[in-house]
Amino acid sequence: MNLFLNLPEISTGIQAGSFIDLLLRFGLNLLASIFIIIFVYFRATGKRSYVFTYVLISITIFFLCYLLGSIDLQLGFALGLFAIFGIIRYRTDTIPIREMTYLFLIITLSVVNALASREVSLSVILFTNCCLMATTWVMENVWMKRHLARRSLIFDRVDLIHPSKKNELIENVFDRTGVVVVKFKVGKIDLIKKSVSLTIFYKEDVSPYVLSDPEMSDKSFERE
């Protein structure tokens, strides 16, 4: 009789401990992922389709790693996940390098939070998450703000491509498009059609409504 009375208590204690550990790790992983996905990535790009993908991948990878982590695969299991994503990829659309970097970051966060050894203190895991979050925020909001977006266009004023008329060309592009050009490069010149291939460089925060060339090739904008 005593044996049957003690068994539920032992089982309940073990379940409660592992469940609390799961909640703490999941909460930390969710907060870190939401910060990177919503407050950093989405505010910088405005792409809702990738937000959907990143959130679900973060949660899926976390539970997959946590629940299978007891099999003692650890490092080999984690590296295997990256190998699977590297080989299979998404065949529907080509993922731009920026989005692929965020995908790699989200998977890394989920794997670290789920598979970190129980001997590793929560403060160490928290510090790791904070470092990744802070680095992502700084790179997106400080470094990328200095980045110049580029846009290719066909310009019909061949007479303005002369070096002495640089400022006139910039003013002409601004008057016709509203884009504040920082610099430009002249490409193919067609004197018969009186047109020139022009690549302009501008600050994204000054002209946020203009898509750069990499963004024009990103089909995710068509689904927004």
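Read-outs: derived from the displayed coordinates by stated rules, not from any lab. Keep in mind that what you see is a predicted model, and the values were worked out from it rather than measured. Don't worry about glycine lacking a Cβ; one is built from the backbone with ideal geometry, like all the others, and counts go over all protein chains shown.
Couple of notes before you dig in:
- Distance between the 7 Å Cα→Cβ label points at Val124 and Leu24: 1.4 nm.
- Extending 7 Å from Cα along the Cβ direction at His162 and again at Met139 yields two label points whose distance is 4.6 nm.
- Computed lengthening from Thr101 to Ile154, 0.36 nm per intervening residue step minus Cα-Cα distance: 15.9 nm
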